[in-house]
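The values are calculated or read from the model by the stated rules, or taken from the named source; none is laboratory data. Not measured: the values here are computed from a predicted model. Virtual Cβ from ideal backbone geometry, glycine too; neighbours counted across all protein chains shown.
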Amino acid sequence: MPESEGKKPGFFARLKAGLTRSTQTLTQGITRVFTRKKLDQAALDELEELLIGADMGAKVAADVVAEIKRTRFNSDVAEEEVRGVLAEEVAKILRRVSKPLTIRMDLKPHVILMAGVNGSGKTTTIGKLAQKYRAEGLKVMMAAGDTFRAAAVEQLKIWGERTGAPVISKEIGADAAGLAYEAFEKARSEGFDVLLIDTAGRLQNKAGLMAELEKMVRVIKKIDPNAPHSAILVLDATTGQNAVAQADVFRAAVGITGLVMTKLDGTARGGILVSIAEKFDLPVHYVGVGEAAEDLQPFDAEGFARALVGVAA
């Protein structure tokens, strides 16, 4: 992952540091498994269990182990060699989904609907994206569509002040779909490049939340049948396999077009991104490894795979 000018340390270094807990779980396990020289069936079985335990999912674990078995079975292998092969196999899965989020300048605005459960880092991600797009010279508007949480509205307003991006909001409890419609109309009439729409994330009332999201999409489509142009699901890595269930739920309600994975620095479950990538084949646009705006960076398959299994850049 290239190091950006003026950023010390570079993002790969921050990613590697952020993934320390996930990496330690894997590397300590690999060290334990490969104390023996020969790569026998017992070692492969232990490796498969280790990958499943790291939240990579049963299919990913089986596929990775099958490939290592095909190329290295009954051979003398060093722990570093196994890590290198593992990094390459993980990267193969992730390359399919490593796709940037490209803003279409012909849309004016490119409407991005952000979905995710409360606490996933959704509102913060919106603010960070607003900051990124403003730094690129784009005209950005945010809509505080999580009308049930005063804290979410206030958080967006702070990001608005920080980035110089206007925030459209209403009183707490207001109709979120109506707010999204008004924001879209205003952004379009005033020539904004990007409209970022926050949404509620109360999964404990799943049916109500999904109905609200579906209504929001329906109303937005009255202005432009192709909107939202991007529907991004923000997932919290610390929730592990729960993130898979969340992806299922939100895909059913909204045509999710891509993912952002946050809080990779707070978990030993970094492998969950690999599991989700394999299961849903959804583009992964960004990953987050910290609170700072620069800690949200475009996803890079090779960089992530190497950092996850502790292979040098």
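Residue under question is residue 208, and the condition is that it be in the same structural domain as residue 243 (by TED's automatic domain parsing), free of Cβ contacts under 8 Å to residues at least 60 places away in the same chain and closer than 20 Å to residue 118 by Cβ; does it hold? The answer is yes for residue 208. Taking the numbered list (1) at pLDDT 95 or above; (2) surrounded by 17 or more Cβ atoms within 10 Å (Cβ to Cβ) in turn, residue 122 passes all entries but (1). Among all residue pairs at least 6 apart or on different chains, which show Cβ distances below 7 Å where the first residue, located in the stretch 181-201, is within 21 Å of residue 214 (Cα to Cα) and touching a residue at least 40 places away in the same chain (Cβ under 8 Å) and the second is among the polar types (S, T, N, Q) and in a helix (DSSP H, G or I)? Listed pairs, sorted by first residue: 198/123.
Just one of 288, 303, 310 is under 13 Å from residue 94 (Cα atoms), crowded, with 19+ Cβ neighbours inside 10 Å and at pLDDT below 90; which is it? From the options 288, 303, 310, the qualifying one is 303.
Let's see how each residue does on (1) over 22 Å from the mean Cα position of the chain (by Cα); (2) under 19 Å from residue 306 (Cβ atoms):
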site	(1), (2)
38	yes, no
43	yes, no
53	no, no
57	no, no
69	yes, no
73	yes, no
76	yes, no
79	yes, yes
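Does any residue of the stretch 219-227 turn out to be assigned to a loop (DSSP other than H, G, I, E, B), buried (at least 20 other Cβ atoms within 10 Å of the Cβ), under 23 Å from the mean Cα position of the chain (by Cα) and at pLDDT 95 or above? Yes, the stretch 219-227 contains at least one residue that is assigned to a loop (DSSP other than H, G, I, E, B), buried (at least 20 other Cβ atoms within 10 Å of the Cβ), under 23 Å from the mean Cα position of the chain (by Cα) and at pLDDT 95 or above. Listed residues 160, 127, 178; which is assigned by TED's automatic domain parsing to the domain that holds residue 261, assigned to a helix (DSSP H, G or I) and closer than 16 Å to residue 286 by Cβ? None of the other options fit; the residue is 127.
Considering only the stretch 139-154, I want to know if a residue exists there that is under 24 Å from the mean Cα position of the chain (by Cα), within 16 Å of residue 192 (Cβ to Cβ) and part of a helix (DSSP H, G or I). No, the stretch 139-154 contains no residue that is under 24 Å from the mean Cα position of the chain (by Cα), within 16 Å of residue 192 (Cβ to Cβ) and part of a helix (DSSP H, G or I). Going by the structure shown, is residue 193 under 26 Å from residue 278 (Cβ atoms) and crowded, with 19+ Cβ neighbours inside 10 Å? Against the criterion (under 26 Å from residue 278 (Cβ atoms) and crowded, with 19+ Cβ neighbours inside 10 Å), residue 193 does not qualify.
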